[in-house]
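Right, one structure below, let's go through it.
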Amino acid sequence: DKVIGQETAVLTDAPAVPPRITRKHATKVIVNLEVKELEGRLADGVSYTFWTFGGKVPGKFIRIREGDDVEFHLNNHPDNKMPHNIDLHAVTGPGGGAAASLTAPGHSSVFSFKALNPGLYVYHCATAPVAMHVANGMYGLILVEPKAGMSKVDHEFYVMQGDFYTQGKNGEQGLQAFSMAKAIDEKPEYVVFNGAAGALTGDNALKAKKGDTVRLYVGVGGPNLTSSFHVIGEIFDKVNHEGNTASPAKNIQTTMIPAGGAAYMEFKVNVPGTYIMVDHSLTRAFNKGALGMLKVSGDEEKTIYSGKMTDEVYLPEGTSMRNAERSQAQTPSAKTKADRIKLGESIYNNNCAACHQTSGVGVPQAFPPLAKSDYLLNGKAPTIKAVTGGLQGKLMVNGNEYNGVMPAWTLSDEEVANVLTYIYSNWGNNGDEVTPEEVKQHRV
Ligand code: HEM
Ligand code: CU
């Protein structure tokens, strides 16, 4: 299969899907994907700092053909705080591209792969802590069309489910931080399609006309939950389980899509009305957000269905999401050094572990170690300045040179004191305690 010519991939935001591939040969495809960390809506009155492939959750849909040579450019926007990479399940090679694409903010990485296997695949960030990057929205779909191509349908849509772990309870208003503890317990506050509760309801519903054929490309980013994907009032005429392009199953009610997996399904909409897409683990749909709509317009079709569905039947339950009580949680203040170390640990895991790693060992040539770091022996003041004001330029730590950028951290005096006390008390460091008063005195 000769590779002829070159093109740049058209990428789309959900629920749109790039156009069908009509060429009959393999080509070189350039994919440009930009990682952006940005605040957005998770539910009514609830916002979240999403980490995204292309500015939205899920990430941009990528569509290529079996045999294509893909030149992949991963660009990490300079305003971002974290390094990121990408593991595409469509890649044959170590880490699916992860090691080759680890990219610091303000940098761009390039690697290439040959698309050997056709199918619908998930891609996701694989930077430590991986579950956190995925939980923040770093996943999307890549379709590798088989040589014969995909059959023509009237509509193709892109839907991806994800579970979100906020510190506040479901419905608690305002900007919500990520909860590693809830993620580890696999107890999400939100389970949603396309990055937010309501991303596919009301005016955002998918639309078709009576008699149309519809194909849904459905993925599950996770990080944890498997979806029992179902469209209320429809039967899937065909389901390509696990994203395989070879053999569709026929006449399926509910199809299971694992975390880090995908499937696509086709059906003809014979009767007008509103069809509700759900994860049939139903409290996820009606209490946590995993509910979308397909609105089919056209004249009634009484020979197939005599009655009439309306949105109102389901919305009263959907709206219960907004009623959850607000908790009175506030940042606890440490009374003892042991308290400080305990509180500092979660601050560390949420803010620092992505680069310096959970055990403080850093990443060679990119992020210096905090374990047994001789930098920390310069005294508390320079360390407090590094964290509150950021750090860049050449830096020697334990005999190795680093030349990176660490952003300034917007943490309170108490938080900086706790995280630094945690660092000083672990991994062979000198055990110093840092107090909020010291942070106040030295902060930038
Ligand atoms: C350097 C602490 C988060 C990237 C340092 C240093 C300290 C430190 C004390 C001095 C060198 C050393 O002792 O190893 C922290 C703390 C963090 C945090 C307390 C969380 C609040 C991060 C994150 C990143 C990062 C998330 C990646 C985006 C770096 C880099 C350097 C550095 C690149 C070296 C800068 C240079 O080459 O000039 N950090 N860090 N840090 N940190 Fe962090
Ligand atoms: Cu990432």
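The values are calculated or read from the model by the stated rules, or taken from the named source; none is laboratory data. Nothing here was measured: the structure is a model prediction, and the numbers come from that model. Counting neighbours? That spans all protein chains shown, and the Cβs are built from the backbone with ideal geometry, glycine included. Keep in mind that these areas ignore ligands, DNA and RNA; they rest on the heavy atoms of the full protein, side chains included. Shrake-Rupley method; radii C 1.70, N 1.55, O 1.52, S 1.80 Å.
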query: How compact and how long is segment 216-284, expressed as Rg and Dmax of its alpha-carbon atoms in Å?
result: 11.9, 35
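How high is the relative contact order of segment 148-211? Use alpha-carbon pairs under 8 Å, at least six apart in sequence, and give a whole percent.
Values: 64 pairs, mean separation 21.2, N = 64.
It rounds to 33 percent for segment 148-211.
How far, in nm, would the chain grow between T49 and L377 when pulled straight, counting 0.36 nm per residue and subtracting the alpha carbon separation?
On the way: separation 328, 0.36 × 328 = 118.08 nm, distance 3.41 nm.
Using 0.36 nm per residue and subtracting the Cα-Cα distance, I get 114.7 nm.
Which value, in nm² and rounded to one decimal, describes the direction-averaged projected area of the C-alpha convex hull of segment 3-50?
Values: hull surface 18.2 nm².
Mean shadow area of the hull around the Cα atoms is 4.6 nm².
Return the equivalent ellipsoid semi-axes of segment 376-415 as a descending list in whole Å, where each equals the square root of 5 times an eigenvalue of the C-alpha gyration tensor. Please report the intermediate quantities before stating the final value.
Details: eigenvalues 79, 35, 8 Å².
Equivalent ellipsoid semi-axes, largest first: 20, 13, 6 Å.
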field: Most fluctuating residue given options Q392, Q357, Q253, as computed from a GNM of the chain linking Cα atoms under 10 Å
entry: Q392
message: Roughly how far apart, in whole Å, are the Cα centres of segment 1-35 and segment 331-357?
response: 44 Å
- line: With Cα springs under 10 Å, the Gaussian network model of the chain assigns the largest mean-square fluctuation among D185, D44, D237 to D185
message: Rounded to two decimals, what is the ratio between the C-alpha radius of gyration of segment 370-436 and 2.2 N^0.38 Å?
response: 1.07
field: Alpha-carbon centroid distance for the pair segment 364-438 / segment 218-264, whole angstrom
entry: 47 Å
- request: Calculate, axis by axis, the spread of Cα positions in segment 38-165 along the three principal axes, and write the results as whole Å, longest axis first.
  value: 45, 35, 21
message: Please list the three semi-axes, largest first and in whole Å, of the ellipsoid equivalent to segment 18-92, using sqrt of 5 times the eigenvalues of its alpha carbon gyration tensor.
response: 29, 15, 9
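Send over a whole-number figure in Å² for the accessible area per residue of segment 351-397, probe 1.4 Å. Before the final figure, lay out the partial values.
Working: 2240 Å² over 47 residues.
Per-residue accessible area for segment 351-397 comes out at 48 Å².
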query: Between S333 and A99, what FRET efficiency follows from the Cβ-Cβ distance if R0 is 41 Å, with the result rounded to 0.05?
result: 0.50
field: Separation between Cα centres of segment 160-190 and segment 86-142, rounded to whole Å
entry: 23 Å
- line: Shape call for the chain, from the Cα gyration tensor axes a ≥ b ≥ c (a/c under 1.5 means rounded, otherwise prolate when a/b beats b/c, else oblate), comes out oblate
- prompt: For segment 95-135, what's the radius of gyration and Dmax over Cα atoms, in angstrom?
  reply: 12.0, 33
- request: Mind grabbing the accessible area of W409 for me, 1.4 Å probe, Å², rounded to tens?
  value: 40 Å²
query: So between I30 and D79, what do we pick up on full extension, going 0.36 nm a residue minus the alpha carbon distance?
result: 15.2 nm
statement: Of the listed links K238/K295; K182/K385; K114/K238, those spanning more than 23 angstrom between alpha carbons are K182/K385; K114/K238
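Counting only C-alpha contacts under 8 Å and six or more residues apart, can you give the relative contact order of the chain as a whole percent? Walk me through the numbers before you get to the answer.
Details: 1128 pairs, mean separation 51.1, N = 444.
Over the chain, the number comes to 12 percent.
Tell me, what is a quarter of the convex hull surface for the C-alpha atoms of segment 341-400, in nm² with one decimal? Provide the component values of the computation, followed by the final result.
Values: hull surface 17.2 nm².
For segment 341-400, averaging the hull's shadow over all directions gives 4.3 nm².
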task: Only loop residues by DSSP count here, and only those with at most 15 other Cβ atoms within 10 Å; note down the GluC sites (Glu not before Pro) in segment 159-202 that meet that.
output: E186
task: Once you have a ≥ b ≥ c as the square roots of the Cα gyration tensor eigenvalues for segment 174-260, tell me rounded if a/c is under 1.5, and otherwise prolate or oblate according to whether a/b is larger than b/c.
output: oblate
query: Given a 1.4 Å probe and the protein chains all in place, what does the accessible area of C355 round to, in Å² to the nearest 10?
result: 20 Å²
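Give me the percent of the accessible area of the chain that comes from carbon and sulfur atoms, probe 1.4 Å, all protein chains in place.
Numbers: 10020 of 19600 Å².
Carbon with sulfur: 51 percent of the solvent-accessible area.
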